[in-house]
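The values are calculated or read from the model by the stated rules, or taken from the named source; none is laboratory data. Quantities reported herein were computed from a predicted structural model and do not represent experimental measurements. Cβ placement follows ideal geometry from the backbone for every residue including glycine, while neighbour counts extend to all protein chains displayed. These accessible areas exclude ligands, DNA and RNA; they are computed on the full protein's heavy atoms, side chains included. Shrake-Rupley method; radii C 1.70, N 1.55, O 1.52, S 1.80 Å.
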Amino acid sequence: MKTLMLKADEVQTAADIIKNGGLVAMPTETVYGLAADALNGKAVEKIFRAKGRPMDNPLIVHISDISQIYNLVAVFPEKAKKLAEKFWPGALTIILPKSDIIPDEVSAGLDTVAVRFPSNPIAHRLIELSSPLAAPSANLSGSPSPTNAKHVADDMNGRIDAIIDGGECDVGVESTVITLATEPPRLLRPGGITLEQLRDTIGEVVVDNAVLNPLKNGQKASSPGMKYKHYSPKADVILIKGSDDSFVEYVNQHKADGVAALCYDEDLGRLDVPTVSVGRGDDYETQAHRLFTALRTADENGYRTVYAHCPKTEGVGLAVYNRIIRAAGFEVIDLE
Ligand code: AMP
Ligand code: MG
């Protein structure tokens, strides 16, 4: 299949592809999404094939107006309304009991559906011109999520109908996912909207154990995506916990061919190995913005082992930590 490269002013062409049951990669403020008509099960099935995504991993439905959610969910409780009013459009996905019009392909057979109202104007326009869109990240399953159109093309060229080039994504990591289908509300994936912001808005929110830790043998995932390998570059990523000095010292002691560091600006100049910085140690937004490009750069440069400076887990740092620890397959060296 030939993949069309579309510009930001060619959204109508993309909408026609969606209405005909095709697949379009679209920019959102979080990462690029691979979109199909959410109400067309056959079209949605193609997403799983194009990505190599396990069929039991459900998709987020994207809307362009809060009122659209009433068709998609069975109930829209007060706490969900509060969150929607405060954070939509934006990087928050809310899980609720689903309505009957959600195809099984979208919910992967669960009785819930994940909904998000993105703020990116191109995504917004595409939904307006077509339909609510089911869209996971537009990468091959398992690899780092795409934050620009080139990343999408590297993974998806020849596998999908079109890619809309909307430049770099603002946030750079996927949306925050919270489920309100259970009480108390539960954070399933940290993202651009922080745990602190959620708690300020609706009170108690528990953090699912799998956000920070590997699933134990036999433990059921609250979100099917938690079971799978994620965000992995080809290089072996190892997370280093410890002080700034101990990180630098450890990496320098392990200097070898193919060894590099995923680090902070403050570490640059102190490390004797090739470096990819994600920003300052206290600038979590910049780290989120740069993380997936940094992981892809590590592969382009042919690094085989990447020691990553462990992020702090406050604010958006929690989202950065959650992605890096998965990129590392939970391989951690604790120097503390
Ligand atoms: P992606 O779109 O690839 O960034 O992944 C969306 C994430 O949301 C995955 O981890 C899914 O497993 C999760 N998800 C989507 N729908 C549901 C749902 N109904 N219940 C629980 N988790 C969900
Ligand atoms: Mg994904």
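Scan Val276, Val259, Val237 and give me the residue that is closer than 26 Å to Asp154 by Cβ and within 20 Å of the chain's Cα centre (by Cα).
Within the list Val276, Val259, Val237, the selection yields Val237.
For the stretch 12-42, which residues satisfy the criterion of being part of a helix (DSSP H, G or I) and either aromatic (Phe, Trp, Tyr) or buried (at least 24 other Cβ atoms within 10 Å of the Cβ) (or both)?
Ala14, Ile18
What residue, among those in the stretch 56-75 that are within 16 Å of Ser137 (Cα to Cα) and not aliphatic (A, V, I, L, M), is most open to solvent (accessible area, probe 1.4 Å)?
By that ranking, first place goes to Asp56.
So, in the stretch 218-237, how many residues would count as being over 23 Å from Gly109 (Cα atoms) and part of a loop (DSSP other than H, G, I, E, B)?
Counting residues in the stretch 218-237 that are over 23 Å from Gly109 (Cα atoms) and part of a loop (DSSP other than H, G, I, E, B) gives 5.
Which of the residues spanning the stretch 122-148 are away from ligand 1 (no atom under 16 Å from the Cβ) and closer than 25 Å to Asp236 by Cα?
Asn148
How about the stretch 93-123: which of its residues are open to solvent by 20 Å² or more (accessible area, probe 1.4 Å), over 28 Å from Thr13 (Cβ atoms) and not polar (S, T, N, Q)?
Correct list: Ile95, Pro97, Lys98, Asp100, Asp104, Ala108, Gly109, Leu110, Asp111.
Do we have Asp155 as free of Cβ contacts under 8 Å to residues at least 40 places away in the same chain and in contact with a Lys or Arg (Cβ under 9 Å, 6 or more places away or on another chain) here?
The answer is yes for Asp155.
Scanning the stretch 15-43 for residues that are within 12 Å of ligand 1 (Cβ to nearest atom) and in contact with an Asp or Glu (Cβ under 8 Å, 6 or more places away or on another chain), which turns out farthest from Thr147 (Cα to Cα)?
Once the filter is applied, the top-ranked residue is Thr30.
A quick yes/no check of all residues on (1) touching a residue at least 60 places away in the same chain (Cβ under 8 Å); (2) part of a helix (DSSP H, G or I); (3) at positive phi:
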| residue | (1), (2), (3) |
| --- | --- |
| Leu239 | yes, no, no |
| Glu249 | no, yes, no |
| Ala260 | no, no, no |
| Arg280 | no, no, no |
| Tyr307 | yes, no, no |
| Val320 | yes, yes, no |
| Arg323 | yes, yes, no |
| Ile333 | yes, no, no |
